[in-house]
Amino acid sequence: MTDTIPQLNSYDPSALDQAFATLSEEVRQQSGSLKTSEEQEAFRLHWLGRKQGRLKLISEAWLKSAPAEARKPLGMQFNQLKQQIEQALEALAATKSSATVQGIDISLPGSARRPGIPHPLLSTMHEVVRVFHQLGYSTNLGPQVESDFYNFEALNFPPNHPARDTQDTLQIAGQQVRPSRDRLLMRTHTSPVQIRTMIAQTPPVRIVIPGKVHRNDAADATHSPIFHQIEGLCVDTNITFSDLKGTLDHAMKALFGSAVKTRFFPSFFPFTEPSADVQISCIFCGGSGCRKCKHSGWIELLGCGMVDPAVFAAVTAERRKIDPADDAYNPARISGFAFGMGVERIAMMLHGVSDIGHFYSGDMRFLEQFA
Ligand code: PHE
């Protein structure tokens, strides 16, 4: 839009007519090409702006040197031009309000609603749980504040047993007055829910237990005092170590891709015998060795084993408090396996996250990447 003030050479009527015809044509052309409401507003300001508007500047310039008799026709011409501008603006506003439906202006930009998404740790838990649901498992949950009995004793960690040292426990304050089995703590693993499930339910049992666990660990790139595990428990007649191997091999392939291999190493957990650590072939290098797998080609992912008969004995003792004849977990007739895995570790592998702290930071720049 031009800003120069046109020269008016004479105030005789034909000169005025011509000058205003030029201005009117200028207005007509400009108002014909206004699309956005920003452009319309710029047009309005350009012509009608109270201080710097073109109409005001031109009328000031032309009126200043106008002879007395020319003032009236000049004023009338300015009024006409002003009307033309206002009408052009009104016409534009009218087309716009024809887009108004029942008081809602559908031509206005909408306010975007950003849908929420599951946190990456939750979606990882859902993914793992889904794999086991497809195998016929159901889901169980248990309390995060747990008693010593469920978290340790029934899982064959006797009081003062050194195996307890492997799980740096956050104790609830003021529990010393209670018998040791009733003392409360933050559960250090999801395994206590194995016990709760077996006390409540007769075999066959096939459950997965996702949940939050706590350990007195210093936070670093791979540790957090609060983290998540998924436990699994299968108890039935004739459950063998090959069932355990087949189940976990299938689950790892379902989670990480069918090319993934698994291998089992002897390990120790008080509540499983034999126990094993499971490694999967490195999903980053395919097993040839890289920084992520410390050049071994393998990544350790979970602990597992056959349920120790001592665990069945603890469960049976509890069940017999209700039914003295209970024999549902007699290891002569049933057997089972259990496994446990860290959710953060799996999520970090699936999404290439290098610092566990990102999951808890609440930083939208991190979380939005999972939308
Ligand atoms: N609860 C064990 C841990 O937290 C993992 C585990 C679960 C091992 C089930 C074997 C069977 O270290």
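Some points to look at:
- Size descriptor, Kirkwood hydrodynamic radius, that averages inverse alpha-carbon separations across the range 268-371, Å: 17.1 Å
- Modelled label positions at GLU41 and LEU367, each set 7 Å beyond Cα in the direction of Cβ, lie 3.3 nm from each other.
- Trypsin sites (Lys or Arg not before Pro) restricted to the range 26-113 and DSSP loop, no more than 14 other C-beta within 10 Å: LYS35, ARG50, LYS51, ARG113
- Rounded to the nearest whole Hz, the Karplus-based 3J(HN,Hα) values (6.51 cos²θ - 1.76 cosθ + 1.60, θ = phi - 60°) of the range 168-173 follow the sequence 4, 9, 8, 8, 7, 5, with x at glycine and proline.
- Computed over protein heavy atoms with a 1.4 angstrom probe, the accessible surface ordering of LEU57, LEU92, LEU121, largest first, is LEU57, LEU92, LEU121.
- Long-range amide H partners of CYS282 with built H, under 5 Å: GLY287, TRP298, ILE299
- Once you divide the Cα radius of gyration of the range 120-370 by 2.2 N^0.38 Å, the number left is 1.03.
- A cut-off under 15 angstrom between Cβ atoms defines the neighbours of GLU127, and their net charge, with Lys, Arg +1 and Asp, Glu -1, is +2.
- Bridgeable lysines around LYS64 (alpha carbons under 26 Å apart, same-chain partners fewer than 8 residues away excluded): LYS51, LYS56, LYS72, LYS82.
- Rg to Rh, two decimals, where the range 113-264 supplies the alpha carbon set and Rh follows Kirkwood: 1.00
- All other residues whose Cβ lies under 9 angstrom from that of ARG181 are scored, Lys and Arg at +1 and Asp and Glu at -1, for a net of -1.
- Scattering from the range 13-102 was approximated by placing one identical point on each alpha carbon and applying the Debye formula without solvent; log10 I(q)/I(0) at 0.17, 0.23, 0.25, 0.26 1/Å stands at -0.75, -1.17, -1.31, -1.38.
- Since only GLY297, PHE269, PRO6 are under comparison, the one whose Cα sits farthest along the positive direction of the charge dipole of the chain, derived from C-beta charges on Lys, Arg, Asp and Glu, is PRO6.
- Loop trypsin sites (Lys or Arg not before Pro), the range 265-371, which have at most 15 other Cβ atoms in a 10 Å radius of their Cβ (DSSP): ARG291, LYS292, LYS294, ARG320, LYS321, ARG333
- For the range 219-299, the fraction of alpha-carbon pairs in successive 5 Å shells from zero, as %: 3, 12, 17, 20, 21, 17, 7, 2, 1
- With K and R counted +1 and D and E -1, the other residues having a Cβ less than 15 Å from that of PHE149 yield a net charge of +3.
- Look at where the Cα atoms of the range 23-94 and of the range 145-172 average out, and the two centres are 85 Å apart.
The values are calculated or read from the model by the stated rules, or taken from the named source; none is laboratory data. Remember, it's a predicted structure, so these values are computed and weren't measured experimentally. All Cβ positions, even for glycine, are placed from backbone atoms using ideal geometry, and neighbour counts span all protein chains on display. Accessible surface is based on the protein model in full, side chains and every heavy atom, while ligands, DNA and RNA are left aside. Shrake-Rupley method; radii C 1.70, N 1.55, O 1.52, S 1.80 Å.
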